[in-house]
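One structure below.
The values are calculated or read from the model by the stated rules, or taken from the named source; none is laboratory data. The structure presented is a predicted model; accordingly, all values stated were derived computationally and were not measured. Note that we place each Cβ from the backbone using ideal geometry, even for glycine, and neighbour counts take in every protein chain shown.
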Amino acid sequence: MLVLAVSLPPFPAAVMIAAGMTVAALAGARVPARVWLGCASAPVGFMLTGAVVLVVQFDGRGFSLSPAGLAAAGGLIARSLAGLSCLLFLALTTPATDLMAGLRRIGVPAEIVEIALLMYRFIFLIADEAFAMNAAQAARLGHATRWRRLRSLGLLLASLLPRALDRARRLETGLAARGWQGEMRVLADRPALSWPILGLIAAAEGLTVAAGVWL
């Protein structure tokens with residue numbers, strides 16, 4: 001669907017993909033709407049900012065709406081929503097371990113897969129460290145006033161990198177102590193193929209291609 005979103009015309013193919021993948025995530029995979037909206041809010045804000053730049057033009061008479069920019073902005077929004085819905089569906093329904101196992105199966109070099117898995121783990125290490133430091137600052141009245149909150153935020157950002165690097169060093173030491181040889185093996189479920197579901201997916205993609213080509 002992501003390939004179709006970037007290769008077919010935005011109308012109606014991208015609109016169909018965005019709607020279909022959103023319904024598949026919320027109704028099919030039962031992803032909570034609050035989680036989906038929380039993950040989509042920042043990319044949508046960035047996308048709308050870029051669309052405004054296309055719509056507004058500046059000339060000797062000042063700012064005005066660009067007729068060509070309206071069509072370009074509409075296509076940008078449609079394609080962006082389609083791509084975003086595809087990526088959110090993948091990210092919110094597939095565990096990282098399954099993604100890494102799939103990358104190994106399709107022949108991605110093991111070094112790249114291991115770096116991606118370690119980076120994924122390191123993101124949560126940094127987040128845990130930041131949450132712990134923020135809670136400690138709040139317990140010491142570091143958030144009592146706006147000035148104290150800003151000062152506490154600056155101290156947190158200044159101290160986060162050294163502490164995160166220390167956590168990373170301890171992670172490396174722990175892996176070495178367990179005999180790590182450069183490949184992190186994890187358990188990943190590989191469910192059996194469902195031919196009815198595969199047929200439904202193929203039909204949806206065929207319908208999208210037909211709509212993008214002939215409509």
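Consider residue 78 carefully, then state whether it is under 30 Å from residue 57 (Cβ atoms) and either touching a Phe, Trp or Tyr at 6+ places or on another chain (Cβ under 7 Å) or not in a helix (DSSP H, G or I) (or both).
yes
So, residue 168, is that one exposed (fewer than 11 other Cβ atoms within 10 Å of the Cβ) and among the small types (Gly, Ala, Ser) or not?
Here the answer is no, as residue 168 does not meet what is asked.
Just to be sure, is residue 104 more than 30 Å from residue 4 (Cα to Cα) and not assigned by TED's automatic domain parsing to the domain that holds residue 10?
No.
If only one of 63, 58, 124, 131 is surrounded by fewer than 16 Cβ atoms within 10 Å (Cβ to Cβ), under 30 Å from residue 162 (Cα atoms) and at pLDDT below 85, which one is it?
The unique qualifying residue is 124.
This table checks each residue for (1) in a loop (DSSP other than H, G, I, E, B); (2) without any contact (Cβ under 8 Å) to a residue 40 or more places away in the chain; (3) touching a helix residue (DSSP H, G or I) at 6+ places or on another chain (Cβ under 8 Å); (4) not assigned by TED's automatic domain parsing to the domain that holds residue 24.
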position: 108; (1), (2), (3), (4): yes, yes, no, yes
position: 111; (1), (2), (3), (4): no, no, no, yes
position: 131; (1), (2), (3), (4): no, yes, no, yes
position: 136; (1), (2), (3), (4): no, yes, no, yes
position: 148; (1), (2), (3), (4): no, yes, no, yes
position: 156; (1), (2), (3), (4): no, yes, yes, yes
position: 163; (1), (2), (3), (4): no, yes, yes, yes
position: 167; (1), (2), (3), (4): no, no, yes, yes
position: 196; (1), (2), (3), (4): no, yes, no, no
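Out of curiosity, is residue 148 modelled with pLDDT of 85 or more and among the basic types (Lys, Arg)?
Yes; evaluated as a whole, the condition is true for this residue.
The rows are residues; the columns are (1) of a type in the set (Ser, Thr, Tyr); (2) surrounded by 15 or more Cβ atoms within 10 Å (Cβ to Cβ); (3) not in a helix (DSSP H, G or I).
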site: 20; (1), (2), (3): no, yes, no
site: 26; (1), (2), (3): no, yes, no
site: 31; (1), (2), (3): no, yes, yes
site: 34; (1), (2), (3): no, no, no
site: 43; (1), (2), (3): no, yes, no
site: 47; (1), (2), (3): no, yes, no
site: 51; (1), (2), (3): no, yes, no
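Anything in region 38-75 that is touching a residue at least 40 places away in the same chain (Cβ under 8 Å) and of a type in the set (A, V, I, L, M, F, W, C)? List them, or say none.
Those that are touching a residue at least 40 places away in the same chain (Cβ under 8 Å) and of a type in the set (A, V, I, L, M, F, W, C): 39, 40, 44.
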